[in-house]
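Structure, as structure tokens:
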Amino acid sequence: MSPSSPRRAVRRRSCLRVLTTFLVAVAAVGCGRYAQVERITTAPGVGDAAAIELLATGAHTTALDTWAHKRATTLSIPMRAARAYGYAAIVVAKSQPECHVGWTTLAGIAEIESDHGRFRGATITAEGMVRPVIRGVALDGTNGNARIVDPEASARAAQTVFVRAAGPFQFIPDTWERWGIRAGVGREAAERLIDAGKTGLPQETLGSPDNIDDAALAAARYLCASGGDLSTSTGWRQAIFSYNHSDAYVARVYAAASSYAAR
């Protein structure tokens, strides 16, 4: 079942506007860092996270923590973020081995979307919650954005409330309701849910887009559904383009993911 790409793509363009300060800083590195999309002939390396064996209970293992600490130190990524990317890659490698989504790709997306959950001074708690929460601009139909009303919030407020993208991976509510998953259900449970192709999970297993573990795992699910085999350049480009219908975005994520894979 293919994701609802057009609605997500419009949402992504609007989210990038709220992250303008960060993206301007990234762009200042120089255009040379970003490969042109048509020149992407190989997918970024997937990294070595998938080789780590996890306990059935979840992400908190010495091996994964050690792995994440090393990447955090080397790559200037928050340790909790690195662990979330690694855990998501491991779970999906077990449940969807044909997908080949790498932690490097998840890190590349999170770098562009929220500076790994650090946008505007946000930090990640020990439990993985990003605080203060990161929100995109209101999708009110202005400035080229889609117009998406939040009916529940509007009813509570007795006035029109527009949807905003949420969290370190910037999900809109309907996309989260379809692909969201609580990473804390445990590795084996998460693998079973993903392997079964379940979408629109019950609230108790839906998780939160503001939790870095949940968001990374949900993003991995979305990418696998969008691109198929992300070890191929075609599959990888298709997955990232589905996440945001922008060639410039694909090129930025490619540059970031490739940089992480090379170090």
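The range 127-263 has equivalent-ellipsoid semi-axes of 26, 21, 14 Å, by the square roots of 5 times the alpha carbon gyration tensor eigenvalues, sorted largest first. Other residues with beta-carbon under 14 Å from the beta-carbon of Lys94 carry, at +1 per Lys or Arg and -1 per Asp or Glu, a net charge of -2.
Rounded, prolate or oblate for the range 75-157? Axes are the square roots of the Cα gyration tensor eigenvalues, ordered a ≥ b ≥ c, and the cut-off for rounded is a/c under 1.5. Prolate is the answer for the range 75-157, as a/c is 1.5 or above and a/b outweighs b/c. For the range 193-263, the C-alpha radius of gyration divided by 2.2 N^0.38 Å, with N the number of residues, is 1.23.
Each value in this text was obtained by applying a stated rule to the coordinates, not by laboratory testing. Not measured: the values here are computed from a predicted model. Note: ideal-geometry Cβ built from the backbone for every residue, glycine included; neighbour counts use all protein chains shown.
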